[in-house]
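In what follows, a structure is listed as structure tokens, so that the remarks can point back to it.
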Amino acid sequence: MDIQLMGGVFGVICLGLASLATFFLVPDRELTVREKIGINTIFWTFALYAAWTIYVIAPADGFETVLYVCTPILLGLILSLLSEFRIKQPVFDIQDARLKKIAASTFHRLPHNVKKGLQNTIMLIKEVPQCADLEEEDPTETGKAAKWFLILPVPARGIIHMSASDCAGLSDKSVSAALQYEFARAYQTTRTPFDADLINRAGTELPSRWNRNGNESIPHRKET
């Protein structure tokens, strides 16, 4: 095997390993445009370099050569698509290790479709000293622990604040329940952004359904 051939094979292997490492290290959050460009550049550099190397060194002709060349291109496409469609968790701006762990575990326990629906809706989960602008009547006992703030109704975009002072006096289970309530309200906001009654009902009803059977159905107003 000559040096040029060995160099080509070694280059393909190194780029392939770099592509796989990049895929597994894609962060569990919504990616910035710069991150998307960088990640997909690695995938497609591997795909094109591998395709060219195979084309040059492949001994076969015709259909077999086309098949060999298309294989790395398809692999690059698959990695690129999978990295785009992985469920991303919201960005956490939480300094307290306990609260950050609770927020991450609570989000990951949500049903698959709910997480998919929320990955672009919840822009940030932020720790604050104390939640402000709370509703006058909050149906939950832990209502001050977390709060969903709607920024843009269509498409629904918003932030969840976690009150460090209020969460400090609650158990992990109670903080998780407060977050589930706000996750449900955020999820319902994507369906009925202008119906406050349904949004608040969802906060009360959906978490119990999720915990019982993973059903992510949303409540509907009864016909009168």
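What the table shows:
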{"read-out": "R0 of 45 Å, Cβ-Cβ distance residue 97-residue 65: FRET efficiency to nearest 0.05", "value": "0.25"}
{"read-out": "Burial ordering of 185, 191, 201, fewest other beta-carbon atoms within 10 Å first", "value": "191, 201, 185"}
{"read-out": "Residue exposure sequence - 6, 123 - by fewest surrounding Cβ within 10 Å", "value": "6, 123"}
{"read-out": "Student exercise, region 92-213 dipole from Lys, Arg, Asp, Glu Cβ charges, in Debye to nearest 20", "value": "720 debye"}
{"read-out": "Violating pairs (Cα-Cα greater than 23 angstrom) within the set 36/147; 88/147; 100/144; 36/101; 100/147", "value": "36/147; 36/101"}
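Values quoted throughout were computed directly from the atomic coordinates according to the rules given, and no laboratory measurement underlies them. All values derive from a computational prediction rather than experimental measurement. Virtual Cβ from ideal backbone geometry, glycine too; neighbours counted across all protein chains shown.
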